[in-house]
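First up is the structure itself, then whatever we jot down about it.
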Amino acid sequence: MQYNDANTMEEHMQPDQIAEAAKHNLAQDLGIPEQDISVELVDPIDWPDPSLGLPMPGMMYTQVITPGYRIVLKHGTERYEYRSNQNGSILRFNPAS
């Protein structure tokens with residue numbers, strides 16, 4: 001699975017909208033219908049910086065608390081974690097999940 005970074009959202013998204021964007025992303029990556037994926041958890045969290053705890057190699061990040069969400073999706077018996085900032089403009093897959 002690839003490391004995903006979707007920075008295309010312009011407006012403030014609600015947590016359920018961010019979870020739906022994560023479902024869409026995962027469905028595309030797995031090549032399955034979105035309805036086969038369930039949302040297990042959307043948990044507010046303060047990330048240590050704008051990398052959301054998932055720094056990209058070679059990138060530098062301002063050390064500032066970044067409010068956002070931890071989103072856990074489920075397909076079959078597998079769980080997948082996505083991370084976002086508060087407005088949903090950054091959505092990243094956690095490859096360690």
Next item on the list: Could you run through the range 58-85 and say how many residues are of a type in the set (Lys, Arg) and within 16 Å of residue 35 (Cα to Cα)?
Entry: 2
Item checked: Candidate set from the range 55-85 (those that are buried (at least 18 other Cβ atoms within 10 Å of the Cβ) and touching a residue at least 40 places away in the same chain (Cβ under 8 Å)); member that is nearest to the chain's Cα centre (by Cα) -> 82
Next item on the list: Go through the range 58-96 and give me each residue that's part of a loop (DSSP other than H, G, I, E, B) and closer than 10 Å to residue 19 by Cα.
Entry: 88
Notebook entry, point to check: So residue 6 fits all but one of (1) closer than 15 Å to residue 85 by Cα; (2) among the small types (Gly, Ala, Ser); (3) at pLDDT 95 or above; what number is the exception?
Noted result: (3)
Next item on the list: Keeping to the range 29-41, report how many residues are farther than 15 Å from residue 93 by Cβ, touching a helix residue (DSSP H, G or I) at 6+ places or on another chain (Cβ under 8 Å) and outside any helix (DSSP H, G or I).
Entry: 1
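The values are calculated or read from the model by the stated rules, or taken from the named source; none is laboratory data. Everything numeric here is computed off the predicted structure, so don't read it as measured data. As a convention, Cβ positions derive from the backbone with ideal geometry for all residues, glycine included, and neighbour counts pool all protein chains shown.
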